[in-house]
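All remarks here apply to the structure that follows.
The values are calculated or read from the model by the stated rules, or taken from the named source; none is laboratory data. Predicted model only: the values in this text are computed from it and were never measured. Positions of Cβ are generated from backbone atoms using ideal geometry, with glycine treated the same way; all protein chains shown enter the neighbour counts. Quick note on the areas: whole protein, heavy atoms, side chains included, nothing else; ligands and nucleic acids left out. Shrake-Rupley method; radii C 1.70, N 1.55, O 1.52, S 1.80 Å.
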Amino acid sequence: IETVHLGAQARSISRAKQGSRDKVILCVSTIEPRKNHHTLLEAYNELATDEAWESDWELHLVGNRYAGSPDLADMVEESSRKNKSIIYHGVVSDEELDLLYKRASLTVYPSLVEGYGLPIMESLSHGVPVLAHNEGVMLELAEMHRGITCIDMRSCTALKEGILNFVKSPEQDR
């Protein structure tokens with residue numbers, strides 16, 4: 001048995017402190033309704049039509065299918081077929097997930113309801129800033145840890161603007 005400490009210290013997270021990262025947005029979450037993948041995919045696809053968007057960014061999705069919502073997982077897979085900058089990995093090993101966090105410049109955690117939000121803390125432990133919902137445990141985590149920006153994840157417009165703000169100002173301390 002080994003203890004693993006995740007994001008235990010408040011830290012300032014910026015592009016300069018992250019080092020050189022890829023233009024990768026990472027979302028780690030089971031594909032189920034409360035995790036809000038629909039809004040994330042809608043916002044990301046709308047970014048492609050925004051003249052301020054840099055088209056070389058990629059959205060990587062990691063997570064298992066949820067038996068109660070096979071249509072949602074099908075939608076995620078269909079989105080990745082239609083838009084080559086959306087990569088759905090499904091379930092990955094711990095080593096693969098670690099590599100994805102090391103590549104990521106930003107993680108998006110669009111979940112609307114959580115008990116804790118472990119991927120938020122995993123992201124912070126890798127020095128990667130997070131966009132998360134502005135209610136519940138996600139807001140509580142943001143109040144305790146630097147590096148989390150909270151927005152209304154029910155709003156496609158707010159999520160699109162949150163991602164775009166990060167892309168336009170990655171050096172901003174969060």
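Scanning the range 146-174 for residues that are touching a residue at least 12 places away in the same chain (Cβ under 8 Å), part of a loop (DSSP other than H, G, I, E, B) and open to solvent by 30 Å² or more (accessible area, probe 1.4 Å) yields ARG146, ASP152, ARG154, SER155, GLU171, GLN172, ASP173, ARG174. Just checking, which of LEU118, LEU139 is modelled with pLDDT of 95 or more and either open to solvent by 10 Å² or more (accessible area, probe 1.4 Å) or among the hydrophobic types (A, V, I, L, M, F, W, C) (or both)? From the options LEU118, LEU139, the qualifying one is LEU139.
For every residue, the table says whether it meets (1) aliphatic (A, V, I, L, M); (2) in contact (Cβ under 8 Å) with a residue 40 or more places away in the chain; (3) touching an Asp or Glu at 6+ places or on another chain (Cβ under 7 Å); (4) within 14 Å of SER29 (Cα to Cα).
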site	(1), (2), (3), (4)
GLU58	no, no, no, no
ILE86	yes, yes, no, no
ASP98	no, no, no, no
VAL108	yes, yes, no, yes
GLU122	no, yes, no, yes
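The one condition from (1) part of a helix (DSSP H, G or I); (2) open to solvent by 40 Å² or more (accessible area, probe 1.4 Å); (3) within 15 Å of HIS38 (Cβ to Cβ) that SER79 does not meet is (2).
Condition check ((1) open to solvent by 80 Å² or more (accessible area, probe 1.4 Å); (2) on the phi > 0 side of the Ramachandran plot; (3) at pLDDT 95 or above; (4) among the hydroxyl-bearing types (Ser, Thr, Tyr)) across all residues:
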{"position": "VAL4", "(1), (2), (3), (4)": "yes, no, no, no"}
{"position": "GLY7", "(1), (2), (3), (4)": "no, yes, no, no"}
{"position": "LYS17", "(1), (2), (3), (4)": "yes, no, no, no"}
{"position": "ARG21", "(1), (2), (3), (4)": "no, no, no, no"}
{"position": "GLU51", "(1), (2), (3), (4)": "yes, no, no, no"}
{"position": "LEU59", "(1), (2), (3), (4)": "no, no, yes, no"}
{"position": "ARG65", "(1), (2), (3), (4)": "yes, no, no, no"}
{"position": "ALA73", "(1), (2), (3), (4)": "no, no, no, no"}
{"position": "VAL92", "(1), (2), (3), (4)": "no, no, yes, no"}
